[in-house]
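The block underneath contains the structure these notes are about, expressed in structure tokens.
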Amino acid sequence: MQWSWVTVLGIQGLLVIIVLFEWKRLKKASKADIITFSAILLLSELIAFFNLENVPGPLTLLQYIFGPLSKIME
């Protein structure tokens, strides 16, 4: 799926709105709280750009890791 500039700017706009709503609390918050808020916001922005329909699930990962081990155990 190709991302258009409208989608990218829309996500950025939503992040700006979130920061604007939380600005009063952020000014009063400690440095650790601000870093935590920023990290969660950045991670959520990165996750927004993943195409989750094509990402393999946790069972695929477990089969990849333990698949050769099951052949040895037989």
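The values are calculated or read from the model by the stated rules, or taken from the named source; none is laboratory data. From a predicted model like this one, the values you see are computed outputs, not experimental measurements. Cβ coordinates were reconstructed from backbone atoms using ideal geometry, including for glycine residues, and neighbour counts include every protein chain displayed.
Each row is one residue, and each column tells you yes or no for (1) in contact with a strand residue (DSSP E or B) (Cβ under 7 Å, 6 or more places away or on another chain); (2) of a type in the set (Lys, Arg); (3) modelled with pLDDT of 90 or more; (4) surrounded by 11 or more Cβ atoms within 10 Å (Cβ to Cβ).
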position: Ile17; (1), (2), (3), (4): no, no, yes, no
position: Glu22; (1), (2), (3), (4): no, no, yes, yes
position: Ser30; (1), (2), (3), (4): no, no, yes, no
position: Ile34; (1), (2), (3), (4): no, no, yes, yes
position: Leu42; (1), (2), (3), (4): no, no, yes, yes
position: Asn51; (1), (2), (3), (4): no, no, no, no
position: Tyr64; (1), (2), (3), (4): no, no, no, no
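Just one residue in the set Glu45, Glu22 is touching a residue at least 12 places away in the same chain (Cβ under 8 Å) and more than 17 Å from the chain's Cα centre (by Cα); that residue is Glu22. Scoring Asn51 on the criteria (1) part of a helix (DSSP H, G or I); (2) under 19 Å from Thr7 (Cα atoms) leaves a single failure, condition (1). Given the structure, is Val8 at pLDDT below 85, part of a helix (DSSP H, G or I), surrounded by 11 or more Cβ atoms within 10 Å (Cβ to Cβ) and not basic (Lys, Arg)? Yes, satisfied.
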